[in-house]
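Taking it in order: structure first as structure tokens, then the write-up.
What follows is calculated from the coordinates using simple rules that are stated; it is not laboratory data. In this text, all values refer to a predicted model and were calculated from it rather than measured experimentally. Quick reminder, even Gly has a Cβ in these numbers, built from the backbone with ideal geometry, and neighbours come from all protein chains shown.
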Amino acid sequence: MDVGRHPRVNLLTFSEIEDISGYIGNFQVTVRKKVRFVDEAECNACAECEKVCPMVVPDEFQLGFSSRKAIYMPFPQAVPSVYILNESDCLGHNPIACGKCADVCEKDCIDFDMKDEIIEFEVGAVIVATGMEVYDPTELDEYGYTRYENVITSMELERLISAGGPTEGHFIRPTDQNTPKRIAFIQCVGSRTLNGKGNPYCSTICCMNTIKNSLLLKDHNPDIDIKVFYMDIRAYGKGFEDLYQRSKQAGVQYIRGIPGEAYENPTTKNISLTVEDTITGSLEEHEFDLVVLALGVIPRHDTEFIRKNLSLSKTEDGFLMESHPKLRPVDAPTGGVFFAGCVESPKDIKESVTQAGAAAARAQILLNAGKISVEAITSECLTDFCTGCGVCVKVCPFNAITGGDAKLKIPVEMIEAACKGCGTCAAECNFDAILMRHFEDAQIIAQIDAVLDENPMEKIIVFACNWCSYAGADLAGLSRLQYPLSQRVIRTMCSGRVDSKFILHAFENGAPIVLVSGCHFADCHYIDANRWTQKRVDKLWDKLEKLGIRPERLQLEWISAAEGQKWVKTMNELEEMRIQVTQEEIEHTIKMLKEDRDRAERKSKAKKSLTDLIKKEPVKAIA
Amino acid sequence: MTNNGLRIGVFVCECGSNIAGSLDCDAVRDYAATLPDVVCAVKNRYTCSEPGQKEIKKYIKEHNLNRIVVASCTPRMHEITFRKCVSEVGLNPYLMDMANIREHCSWTHLNNWDGATEKAKDIVKITVARTRLLQPQTETEIPVLKDVLVIGGGIAGIQTSLDLADAGYQVHLVEKEASIGGIMARLDKTFPTMDCSI
């Protein structure tokens, strides 16, 4: 309610993000405010329009348990408290087929000519609070949801016991409108499954939601028989265990075991469940008037547009990935973007509110400063070399490079504030036209040379990304894990920075083995920059093979900050490979790579002299 | 002496016995002193400590150093410490680099004194080679607009919007549905306090 009245909140309901671009401190937003056909400022919710509307359709808010009209209030406490006309439910208004609502509206606020509105504004920070969805159990055929009317979901139960629900709180079951006396709750529906249906993670809220509902039902009717079938009861939060004990004391039975199947008695429409009680080890059958599936939480499927435009990534479970799982749980990896609520992971109300407060505070740090200093590890376009080919524009995970036209030779432009410094652009540029500050080509080449100028046969060059692999190596050290002496680490911010030419340079200067290591795909700190690493290494493997160089001398490993053990295992494997590389093999490699480089140089010189000739004497060049 | 204007100082940290217990820090320091453009090489008990940092500052001033290598732990631990340290005596923070001879050397080769010492020398050499080419960098500042966008009008979006608006910022709250409230508005009572959702 307060949010609708607050002078500093511009509340845009029935609205969608049409476009969002920009970077920390400076985002451009376009919102489409969809047409309501009712003037928001004028409507006083008198309900006269609703009374005359002849169209009756299922009410989404009540999950179809009751009906509404084509012009309706979403629910009594809706904010804003304004009617809305659903265009597809309406008999039609072009030409007007019915128009009764408009006739009866005293304030003349129904306008069939109303159009979508496009609103544009700029902001310094974005809070993504798009929430979650509830798992759809229809695919779990064994419980017969949608086949058996008396199998309902936890969300449907919420409506059936709510005083604001379709039955005004009189608890009934769907088939015969009688008050059920025996109720089962099946837990973990769509959660903690490994069979491909549902999700492997714990949705965290369903245990407590069932406990809460069991108590509400006991309040309605103390004699009601409630059995809860569960794997584990996770009552981990403040006040949770107390509620769980109260539920048990009220007589709710908790049976450890998830029913395999539900059967409907065709006459009584009662539901039987067979279950193995895993505490007593006995196989049991129970009959119920109503079965409630305690649904898990899933990521929203309609937020992909926002995710992509803000360059956000997903964790394996499909929820959006935070900047750091422990130390920056509210910040998105993209600067100026913060998470609140279930968009980041399943949460109960208290956790959502806590994170919302944290997101507001985190955003205020940025907004209050009024300016932000950007780390100097950013890329710079060397316009003299840039051909405007646009490869960098394509590979940048942060949309920090724009423009560039190959035909008109217009160089690209860098948006320094959006650049995060992964260096993928510099690695992918074919014309050495991008300078990656603090991780310049010359600096990295100098490191390679320093490794290889003495006893190159004894050393392995390891490129490690700052966030994962380098940290994995640090963890190996911290854990005092021992491994061979041969490895020499060259740190880059991201494996995306590792240019093909670094790797070829290393081999041409006698490196027996080169490892490129980075974060696992979902963990890349630069969204998906390491996908380009993979592509680059794939190409190099082909090239090495063509030149008669064993491709396995170039290795690629994804090692996380937590994988000190994997780091050590990799180092041991690399050492075994290293000792097998002979002096002859290295000499052959050097020879092949040198020849290949000479060929490429000759080719580019010839091309250049031809271009010069075309410029100077076009006729002669064609001849 | 150098003829390209580079004046590098190398500070080898013993880290108590964390580094000095597994390799010869004196040998690493002596070796560092022989590397190109290195004008002084110093060994400290704990380089990150107050006396260690004072030593770096003292040498920068006395020897007019313009590049610094700290051979100690991982830069993930103390890069910011040493960047700040050198900038306090006027050196650009990006002209300091670290050679990780602890996590990547002394701790992982505990029982190979000579091998670990040679590897540590090599790590210092590689870092010095990079440091010679480091460039001063300036961090740029960009302005931040004061308005905020909140996407989603569920309980989380509402709470964030109210907090930010109460703090004095203009909030644009965008909700897809016709009313705010989200999933919570559909719930009857809520745990653990059993009060109403709306």
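Over chain A, dividing the summed -39,500 (n - 2.57) contributions of all DSSP H runs of at least 4 residues by the number of residues returns a 222 nm mean residue ellipticity of -9000 deg cm²/dmol.
Between the C-alpha center of segment A:88-135 and that of segment A:558-623 there is a gap of 60 Å. In plain terms, chain B is cut at each of the GluC sites (Glu not before Pro) found in a DSSP loop with at most 16 other Cβ atoms within 10 Å, and the longest leftover piece is B:1-87. A cut-off of 5 Å between modelled amide H atoms, ignoring neighbours fewer than 5 places along the same chain, links A:Glu18 with A:Thr30, A:Val31, A:Arg32.
Per-residue Karplus couplings for segment A:404-416, computed as 6.51 cos²θ - 1.76 cosθ + 1.60 with θ equal to phi - 60°, are listed in order as x, 9, 5, 5, 8, 6, 8, x, 6, 10, 9, 9, 4 Hz, Gly and Pro entered as x. If the chain linking A:Thr315 and A:Glu261 were pulled fully straight, counting 0.36 nm for each residue of separation and taking away their Cα-Cα distance, it would gain 16.2 nm. Only Cα sites of the protein assembly as shown enter the Debye sum here, all with the same form factor; the resulting log10 I(q)/I(0) across q = 0.07, 0.09, 0.11 1/Å is -0.71, -1.01, -1.22, listed in q order. Computed from backbone phi, the HN-Hα couplings of segment B:98-103 come to 10, 9, 7, 9, 9, 4 Hz, rounded to whole numbers (Karplus: 6.51 cos²θ - 1.76 cosθ + 1.60, θ = phi - 60°; Gly and Pro given as x). Considering only alpha-carbon pairs that sit under 8 angstrom and 6 or more positions apart, the relative contact order computed for chain A is 10 percent.
Loop sites by DSSP among the GluC sites (Glu not before Pro) of chain A, restricted to those with at most 13 other Cβ atoms within 10 angstrom, leave A:455-623 as the longest stretch without any of them.
Taking the longest Cα principal axis of chain A as reference, the axis of helix A:240-249 is set at about 40 degrees. An oblate overall shape is assigned to segment A:526-579, the ratio a/c of its alpha-carbon gyration tensor axes (a ≥ b ≥ c) being 1.5 or greater and a/b not exceeding b/c. Given the pairs A:Lys34/A:Lys107; A:Lys546/A:Lys615; A:Lys51/B:Lys176; A:Lys218/A:Lys326, which span a C-alpha to C-alpha distance of over 32 angstrom in this model? Table pairs above 32 Å Cα-Cα are A:Lys546/A:Lys615; A:Lys218/A:Lys326.
Counting only Cβ charges, +1 for Lys and Arg and -1 for Asp and Glu, the dipole size of segment A:499-589 around its Cα centre is about 280 debye.
Counting other Cβ atoms within 10 Å, which trypsin sites (Lys or Arg not before Pro) in segment A:446-520 have at most 13 and lie in a DSSP loop? Can you show the working numbers first?
Details: sites: A:Lys459, A:Arg480, A:Arg488, A:Arg491, A:Arg497, A:Lys501; in loops: A:Lys459, A:Arg480.
Here the sparse-neighbourhood loop sites are A:Arg480.
Taking the 0 to 90 degree range and rounding to the nearest ten, how far is the long axis of helix A:564-580 tilted relative to the main principal axis of chain A, both from C-alpha atoms? Approximately 30 degrees, to the nearest 10.
Could you tell me what percent of the DSSP beta bridges with both partners in chain A are antiparallel, to the nearest 5?
55 percent
Quick one: compute the contact order of segment A:439-590, relative version, from alpha carbon pairs under 8 angstrom and 6+ residues apart, as a percent.
Working: 257 pairs, mean separation 49.8, N = 152.
For segment A:439-590, the relative contact order is 33 percent.
If you keep only loop residues by DSSP, which trypsin sites (Lys or Arg not before Pro) in segment A:285-337 have at most 13 other Cβ atoms within 10 Å of their Cβ?
Numbers: sites: A:Arg300, A:Arg307, A:Lys308, A:Lys314, A:Lys326; in loops: A:Arg300, A:Lys326.
Hits after loop and neighbour filter: A:Lys326.
In terms of other Cβ atoms within 10 Å, A:Leu85, A:Leu215 run from fewest to most in the order A:Leu215, A:Leu85.
Here the label points at B:Trp113 and A:Glu454, each 7 Å from Cα along the C-beta direction, are separated by 2.0 nm in the simple model. Only Cα pairs under 8 Å and 6+ residues apart enter the sum, and on that basis the relative contact order of chain B stands at 18 percent.
Ranking A:Val82, A:Val581 by Cβ neighbours within 10 Å, fewest first, what do you get? Present the calculation step by step, with values, prior to reporting the outcome.
Working: A:Val82 23, A:Val581 17.
Listing A:Val82, A:Val581 from fewest to most nearby Cβ atoms yields A:Val581, A:Val82.
The mean number of Cβ atoms from other chains found within 10 Å of a Cβ in peptide A:348-359 is 6, as a whole number.
Gain in length, A:Ala442 to A:Thr146, computed as 0.36 nm per residue apart minus the alpha-carbon separation, to one decimal in nm?
Numbers: separation 296, 0.36 × 296 = 106.56 nm, distance 6.57 nm.
The A:Ala442-A:Thr146 span can extend by a further 100.0 nm.
Pair-distance distribution of chain B: all C-alpha pairs, bin width 10 Å, starting at 0; shares per bin in whole percent are 9, 27, 19, 8, 11, 16, 9, 1, 0. Between the Cα long axis of helix A:441-452 and the first principal axis of chain A there is an angle of about 70°, rounded to the nearest 10.
Can you give the convex hull volume of the alpha carbon atoms of segment A:133-298 per residue, in Å³?
Working: hull volume 19.6 nm³, N = 166.
That works out to 118 Å³ per residue.
Nearest 0.05, what FRET efficiency do B:Arg45 and A:Gln482 give at R0 = 35 Å with Cβ-Cβ as r? Mind showing how you got there, number by number?
Details: r = 25 Å, r/R0 = 0.73.
The value I calculate is 0.85.
With 27 Å as the limit on Cα-Cα distance, the pairs of A:Lys394/A:Lys566; A:Lys212/A:Lys347; A:Lys371/A:Lys394; A:Lys535/A:Lys603; A:Lys314/A:Lys394; A:Lys566/B:Lys119 that go past it are A:Lys394/A:Lys566; A:Lys371/A:Lys394.
The distance linking segment A:396-411 with segment A:362-378 is 26 Å (Cα centroid to Cα centroid, whole angstrom). Residue order for A:Met436, A:Met114, fewest other beta carbons within 10 angstrom first, comes to A:Met114, A:Met436.
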